[in-house]
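Inspection log for the structure reproduced underneath, given as structure tokens.
The values are calculated or read from the model by the stated rules, or taken from the named source; none is laboratory data. Quick caveat, the model's predicted, so the values are computed rather than measured. Note that we place each Cβ from the backbone using ideal geometry, even for glycine, and neighbour counts take in every protein chain shown. Calculation scope for accessible area: heavy atoms of the full protein, side chains included, ligands and nucleic acids excluded. Shrake-Rupley method; radii C 1.70, N 1.55, O 1.52, S 1.80 Å.
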Amino acid sequence: MGKKKFYIETHGCQMNFSDSEIASSVMIKNNFEITDNPRHADVILINTCSVRDNAEQRARNRLKNLTPLKKKKKDLIIGIIGCMAERIKEQLFEEEKKIDLIAGPDAYRNLPRLIETAAKKSKAINVKLSREETYDDITPFKIENKGISAFISIMRGCENFCSYCVVPFTRGKERSRNPETIIKEAKNLFSKGYREIILLGQNVNSYKWNSGFGFVNLLESVAGISPLLRVRFTTSHPKDLSDELLYVISKNENICMHIHLPMQSGSTRILNLMNRKYSREWYMNRIEAIKKIIPGCSVTTDIISGFCTETEEDHKSTLSLIEEAGFDYAYMFKYSERPDTPASTKYKDDVPEEVKLKRLQEVISLQRKLSHKSNINDLNKTFEVLIEGESKKNKNNFYGRNSQNKVIIFSKQKNYRIGDYINIKVTGCTSATLIGEVE
Ligand code: SAH
Ligand code: SF4
Ligand code: F3S
């Protein structure tokens, strides 16, 4: 008998992708083999997201597509893991009759035991949240092994309790990971040929190991591994974005000039209802500090349209702040009420669906213009690009990113390989990509 096989698929944010690498590592240590084909699997794990209702619907639809596989393989175990498992807990066994296993984000060490339980046709569930778990001794198994860019989780959980958000409930208390294990993992990845590390956390800039070692120290330590290693991080909360951090980015060539700074709304009244702990003015002050301290830095954001009580005037404030900040890119969402969040218990989800949609469309079309403008602004500039791979559309082209996190496509060059740095001059663009040639 060969090894048992597992298939894992991931929905949601980068933290979830990073968690799937941890869950996979646990499975492989316990004698399972990974497969990218659910038909070959003995265990199927769906790592889920609860941040908006449509994310949960997507997971349920995937489940509908995958459960028929049980007809052919009656011992097949299907597990829901991650944020949706944590939010709905054992009730999920009632709602989705075909699942065998439920594991929350802090229960991945337990997966082999849960699988044993499920194999005996007993209910296998662990949704305990931990105050300490950081999986710091587990080397993540790289599922999409492109070999150039890797995530490293540096903290887990969130205690900001933005009123619309489920994450504090699905991920629990904030805890930072031992920096020695982070640096060791980064060094190890670099020695295997990785050239970019993305430090991950729901709120990376509140990373704190002890009073003498915080996020800025960690960032400098990782950047210090080699000048050939790029360092990125996400997500920053505007309330914690210090000038000190900005100076560290500007001082270190290999800390990338890109900050993802979710704004959510341009109306201070709405920001207060959202419990974001900053005002429109504070947010704009941070944008100005970025532009001043790190000239050429790109800024991207997240925006929610149609939050409880949002008026046309609030919406206009959002549009005007988007314009003032001049984002290079944005992720834009329509407010989705999440059960048991502070907003769902305190406020009415009173913006009609069609108004939410209309406002979201206006936000998207404004941002599209700004993204295009930002790309046009890069024409004739030369950037150092880390070559990440072969372009899918044209095998004669490479693609890579500049420090600002923009994708640049250019024709393949003799003597240059994936993982190398190359200077590329931008000669053209679309609203989504830059096109360039070797300088
Ligand atoms: N910790 C990060 C990311 C959280 S989830 C942060 O604080 O920015 C990513 C984005 O999803 C959020 O920034 C927010 O814009 C959006 N989001 C979260 N909850 C939402 C909800 N209930 N409805 C719509 N969008 C939501
Ligand atoms: Fe959610 Fe706010 Fe925490 Fe981000 S900072 S995960 S939006 S509660
Ligand atoms: Fe979704 Fe959980 Fe991430 S709710 S956004 S997968 S932390």
Could you order the peptides 235-246, 351-362, 5-16, 254-265 from most to least packed, using the average number of other C-beta atoms within 10 Å per residue?
254-265, 5-16, 235-246, 351-362
Taking 0.36 nm per residue of separation and subtracting the Cα-Cα distance, what length does fully extending Lys316 through Lys414 add?
30.2 nm
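Multiply the residue separation of Tyr421 and Asn380 by 0.36 nm, subtract the distance between their alpha-carbon atoms, and state the gained length in nm to one decimal.
Numbers: separation 41, 0.36 × 41 = 14.76 nm, distance 1.86 nm.
Fully extending the segment from Tyr421 to Asn380 adds 12.9 nm.
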Relative to the present Cα-Cα distance, how much length would full extension add between Asn210 and Lys184 at 0.36 nm per residue of separation?
7.5 nm
Please work out, to two decimal places, the log10 of the ratio I(q)/I(0) at q = 0.23 Å⁻¹ from a Debye calculation in which every Cα of the range 146-256 carries one identical scatterer.
-1.30
Binned Cα-Cα distances of the range 1-151, short to long, each 5 Å bin given as a whole percent:
2, 10, 20, 25, 22, 14, 6, 1, 0
How would Leu366, Leu101 rank on accessible area, largest to smallest, probe 1.4 Å?
Leu366, Leu101
Sorted largest first, the Cα spans of the range 1-45 on the principal axes come out in Å as 36, 22, 11
Output the Cα-based Rg and Dmax of the chain in Å, rounding Rg to one decimal and Dmax to a whole number.
22.4, 66
Where does each of 103-115, 371-383, 273-285 land if you order them by average Cβ count within 10 Å, highest first?
103-115, 273-285, 371-383
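For an R0 of 22 angstrom, estimate the FRET efficiency from the Cβ-Cβ distance between Glu116 and Ile28 and round to the nearest 0.05.
Here the calculated transfer efficiency is 0.85.
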Per q in 0.10, 0.12, 0.16, 0.22 1/Å, what log10 I(q)/I(0) does a Debye calculation on the alpha-carbon atoms of the range 65-172 return?
-0.36, -0.52, -0.86, -1.21
Work out, in µm²/s and without decimals, the Stokes-Einstein translational diffusion coefficient of the range 119-164 at 4 °C, 1.567 mPa s, Rh from Kirkwood over C-alpha pairs.
88 µm²/s
The chain: most fluctuating residue of Ser221, Ser18, Ser298 per GNM, C-alpha cutoff 10 Å:
Ser221
Return an integer: the convex hull volume of the alpha-carbon atoms of the range 261-374, in Å³ per residue.
89 Å³
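What relative contact order, as a whole-number percentage, does the range 46-94 give when Cα pairs under 8 Å and 6 or more residues apart are counted? Please list the in-between numbers first.
Values: 34 pairs, mean separation 24.9, N = 49.
RCO, the range 46-94: 51 percent.
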Quote the Stokes-Einstein diffusion coefficient, in whole µm² s⁻¹, for the range 219-312, based on the Kirkwood radius over alpha carbon pairs, a temperature of 10 °C and a viscosity of 1.306 mPa s.
110 µm²/s
